[in-house]
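Enquirer: My structure is below; once you've seen it, I'll send some questions.
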Amino acid sequence: MKSIINFSGVTKKYPSGTLAVDNISFDIFENEIVGLLGPNGAGKTTIIKLLCSLTNPTEGEIYIYDKLKKKKSTIISVVLEGNRNLYWKLTVLENIKYMLALKGIKFSDRTTLVDELLTKMNIDDKKDALVGDLSRGMQQKVAVIIALIDDSKIILLDEPTLGLDVESVLDIQELIRFIAKEMSKSVIITSHDMRFIESTCARAIIINSGKKIAENTVEEFKTLFAKKSVKVVFDKQDNVEEKFEKLNVNINSKNDSVEVDFSCADNDDIFYEVMEALKDNKCKINDITYSDIDLETVFLEIIKNDRGEK
Amino acid sequence: MLLVANFKKELIMFKRYLFNSLGGVITLYILFLCMFYGYNAATSLPTDSTNTDFMVVYYAFWMLALFVYQDMVYSIQEESKLGTLEQIYMSKFSLARIIVSQNIAKLLVNITLLFVVIFAIMATTGKWLHFDLFSVSVIVLLAVVNLFGIGFIFGGLALIFKKIENFLQIVPYCILGVFLVPVGSNPFLKLIPTAWEVRILGNIMVGGISIFDLSAMDWFFLVVPSIVYFVIGLAIFNKCEKVAVDRAVLGKH
Ligand SMILES: Nc1ncnc2c1ncn2[C@@H]1O[C@H](COP(=O)(O)OP(=O)(O)OP(=O)(O)O)[C@@H](O)[C@H]1O
Ligand SMILES: [Mg+2]
């Protein structure tokens, strides 16, 4: 795989004094979709802005195709947070034409692509509507389409699903997959929507307080924490809680039942120990739930561990 | 291509908001008539006085100056809010170049409107000024270069400081002040932005001279300050752009 972007020991300290990005390094490869995750204020938007030269690093270098990036690069396009980046008083097509002109591209060279994308996003009937009259989701789709139709190799999407309904999220998701697959572009997405990242991205980078704390494929992330969360509910008996106290589980005693919950990986001892304790005490089991872990839980766990270390 | 694209955009906006645009023209027209007849009534000067002739020229110039600086500042503020400023910045041209191109396009539309207003005013008041199109165009062009320089300074500030409206309210009065500068008394006063252009424009349109009647010294004070202001304005704008990028505040937050 060929690296398109190499972020090398980049630090950004805003003139106001905030250290938003603290010595972060990563690579972005061709045709891949990468998620940038982190809690509010982690530094995701700052990383996006650093990538597209909307701000400068205070330390470190950014390489594009192994060349040091000194100025803004035309191989990167961006859609920043929310439904902005468009002229509200122009129509969809007028916006597209104007933005293309700014990039020195003739509209006539892109008409088929534009039509295709508008149709794909179900907004082809809106091309002559004023952007200001469109819904938030439609505006977001237009902004993404504009970012797609130039000659860029990397599309940066900052919170592309913010405030969108389920259907629009799916449309955007499909569009992003289409970008990577059919248009051979790489996509970097920041989002708080873990399900969206989980189903869209192949890889994720997790940021907390300006530092990179984890980087892996989404699959690996999930197996790394290949835990299931297990909850067992059984009838209460005298002193039965004591039997479970020596095990590493959460016990929640109710009036006539006891809840025991724990998380475990496949074949973890804890699972069998709990089952044995249940058997030895002849507990009458009412309910067992056994659920898969998702990226969100992984994310929360990583962030929790990171905060714990500090 | 950039200029064409911007010009198309302005024409679209002009047509789309035609009612609004025409409203603006009519307001400018009425405002002048009020001033004109009000001034005459107050001073009870004979209406053929050259003073009132100069009023037409000054008024036209005042509007021109206001157009340039308002377009510069307000379009930057609006684009910052919309987030389009960040997109513009990412394009293949420099920000300053795009801003100039956008503002030339806006100005072409505005100057056309201005001509309509001036002709309407001249027709109503019966005061026909000399309209040596070539001479007027050259002087207006030099004045515009000068005004762009000043506009760049305010535009640059608008990139960094998101709330400069209050500060900007004094600008129209500063422009009025320029008309009152006794440029003849001291050559240094001719360095005040556009002060000399306004005076020459008056001499052309009221006095009926042509730019070929101007002395080398006149030309010096027309051309050099314009270019110097433009270059200084541009440098300040670029510096402000750098500061705004360091602070990551091209888009409003
Ligand atoms: N232009 C700016 N000037 C000064 N500080 C800033 C600026 N933009 C962001 N910050 C600060 O930098 C830190 C990182 O902000 P950033 O916007 O990159 O976070 P984020 O991960 O995108 O957060 P969110 O999920 O809320 O969008 C925050 O502490 C923020 O207050
Ligand atoms: Mg953000």
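The values are calculated or read from the model by the stated rules, or taken from the named source; none is laboratory data. Bear in mind the structure is a predicted one, so any value in this text is a computation, not a measurement. As a convention, Cβ positions derive from the backbone with ideal geometry for all residues, glycine included, and neighbour counts pool all protein chains shown.
Enquirer: Give the residues of segment A:30-50 that are among the aliphatic types (A, V, I, L, M) and within 13 Å of ligand 2 (Cβ to nearest atom), sorted by residue number.
Expert: Start the filter on segment A:30-50 by keeping residues that are among the aliphatic types (A, V, I, L, M), which leaves A:33-34, A:36-37, A:42, A:47-48, A:50.
Correct list: A:L36, A:L37, A:A42, A:I47, A:I48, A:L50.
A quick yes/no check of all residues on (1) more than 8 Å from ligand 1 (Cβ to nearest atom); (2) at pLDDT 95 or above:
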| site | (1), (2) |
| --- | --- |
| A:N23 | yes, yes |
| A:D27 | yes, yes |
| A:N31 | yes, no |
| A:L37 | yes, no |
| A:G41 | no, no |
| A:I48 | no, yes |
| A:L54 | yes, no |
| A:P57 | yes, yes |
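Enquirer: How many residues, within segment B:76-92, are touching a helix residue (DSSP H, G or I) at 6+ places or on another chain (Cβ under 8 Å) and within 11 Å of chain A (Cβ to nearest Cβ)? It would help to see each step written out before you state the result.
Expert: Kept after step one, since they are touching a helix residue (DSSP H, G or I) at 6+ places or on another chain (Cβ under 8 Å), are these residues of segment B:76-92: B:76-77, B:79-80, B:85, B:87-89, B:91-92.
Those left that are additionally within 11 Å of chain A (Cβ to nearest Cβ): B:79-80, B:85, B:87-89, B:91-92.
Residues flagged as touching a helix residue (DSSP H, G or I) at 6+ places or on another chain (Cβ under 8 Å) and within 11 Å of chain A (Cβ to nearest Cβ) within segment B:76-92 amount to 8.
Enquirer: Output the residues belonging to segment B:93-128 that are among the hydroxyl-bearing types (S, T, Y), part of a helix (DSSP H, G or I) and within 14 Å of another protein chain (Cβ to nearest Cβ). Please lay out each step first, then the result.
Expert: To start, the set of residues in segment B:93-128 that are among the hydroxyl-bearing types (S, T, Y) comprises B:94, B:101, B:112, B:124-125.
Going one step further and asking which of them are part of a helix (DSSP H, G or I), we end up with B:101, B:112, B:124-125.
Within segment B:93-128, just B:S101 meets the criteria.
Enquirer: Moving on. Is one or more of the residues making up segment B:204-220 closer than 30 Å to A:L50 by Cβ, of a type in the set (G, A, S) and away from chain A (no Cβ under 14 Å)? Full working, then the answer.
Expert: Kept after step one, since they are closer than 30 Å to A:L50 by Cβ, are these residues of segment B:204-220: none.
Looking through segment B:204-220, none of the residues is closer than 30 Å to A:L50 by Cβ, of a type in the set (G, A, S) and away from chain A (no Cβ under 14 Å).
Enquirer: Scanning segment A:15-29 for residues that are touching a Ser or Thr at 6+ places or on another chain (Cβ under 8 Å) and within 14 Å of chain B (Cβ to nearest Cβ), which turns out farthest from ligand 2 (Cβ to nearest atom)?
Expert: Here the residue is A:L19.
Enquirer: Quick check: anything in segment A:147-157 within 16 Å of ligand 2 (Cβ to nearest atom), within 17 Å of the chain's Cα centre (by Cα) and over 17 Å from A:K97 (Cα atoms)? Talk me through it step by step, then tell me what you get.
Expert: At the first step, the residues of segment A:147-157 found to be within 16 Å of ligand 2 (Cβ to nearest atom) are A:156-157.
Of the ones still in play, those that are also within 17 Å of the chain's Cα centre (by Cα) are A:156-157.
Narrowing the set further to residues that are over 17 Å from A:K97 (Cα atoms) leaves A:156-157.
Yes.
Enquirer: Could you run through segment A:47-85 and say how many residues are within 7 Å of chain B (Cβ to nearest Cβ) and farther than 19 Å from A:N31 by Cα?
Expert: So the count comes out to 8.
Enquirer: Going residue by residue through segment A:106-125, is there one that turns out to be facing chain B (nearest Cβ under 7 Å) and either free of Cβ contacts under 8 Å to residues at least 12 places away in the same chain or not in a loop (DSSP other than H, G, I, E, B) (or both)? Walk me through it before giving the result.
Expert: So the first thing to find is which residues in segment A:106-125 are facing chain B (nearest Cβ under 7 Å), and the list is none.
Checking segment A:106-125: not a single residue is facing chain B (nearest Cβ under 7 Å) and either free of Cβ contacts under 8 Å to residues at least 12 places away in the same chain or not in a loop (DSSP other than H, G, I, E, B) (or both).
Enquirer: Can you name the residue in segment A:131-187 that is on the phi > 0 side of the Ramachandran plot and within 16 Å of ligand 1 (Cβ to nearest atom) and, of all such residues, is surrounded by the most Cβ atoms within 10 Å (Cβ to Cβ)? Let's see the steps before the verdict.
Expert: Here is the first cut: in segment A:131-187, the ones on the phi > 0 side of the Ramachandran plot are A:159, A:163, A:184.
Narrowing further to those that are within 16 Å of ligand 1 (Cβ to nearest atom): A:159, A:163.
Details: A:E159: 20, A:G163: 12.
The selected residue is A:E159.
Enquirer: Given the residues A:S53, A:S108, A:S77, which is the only one that is more than 16 Å from ligand 2 (Cβ to nearest atom) and surrounded by 20 or more Cβ atoms within 10 Å (Cβ to Cβ)? Spell out the reasoning first.
Expert: Numbers: A:S53 fails: surrounded by 20 or more Cβ atoms within 10 Å (Cβ to Cβ); A:S108 fails: surrounded by 20 or more Cβ atoms within 10 Å (Cβ to Cβ).
The unique qualifying residue is A:S77.
Enquirer: Given the structure, is A:V131 away from chain B (no Cβ under 14 Å), within 23 Å of A:T119 (Cβ to Cβ) and more than 16 Å from ligand 2 (Cβ to nearest atom)? Outline the logic, then answer.
Expert: Details: away from chain B (no Cβ under 14 Å): no; within 23 Å of A:T119 (Cβ to Cβ): yes; more than 16 Å from ligand 2 (Cβ to nearest atom): yes.
It is false that A:V131 is away from chain B (no Cβ under 14 Å), within 23 Å of A:T119 (Cβ to Cβ) and more than 16 Å from ligand 2 (Cβ to nearest atom).
Enquirer: Considering only helices (runs of 4 or more DSSP H) fully contained in segment B:140-253, which possess at least 1 residues that are at pLDDT 95 or above, away from ligand 1 (no atom under 16 Å from the Cβ) and of a type in the set (S, T, N, Q)? Talk me through it step by step, then tell me what you get.
Expert: On the way: elements: B:165-168, B:171-180, B:195-205, B:216-247.
Of the helices (runs of 4 or more DSSP H) lying wholly inside segment B:140-253, those with at least 1 residues that are at pLDDT 95 or above, away from ligand 1 (no atom under 16 Å from the Cβ) and of a type in the set (S, T, N, Q) span B:216-247.
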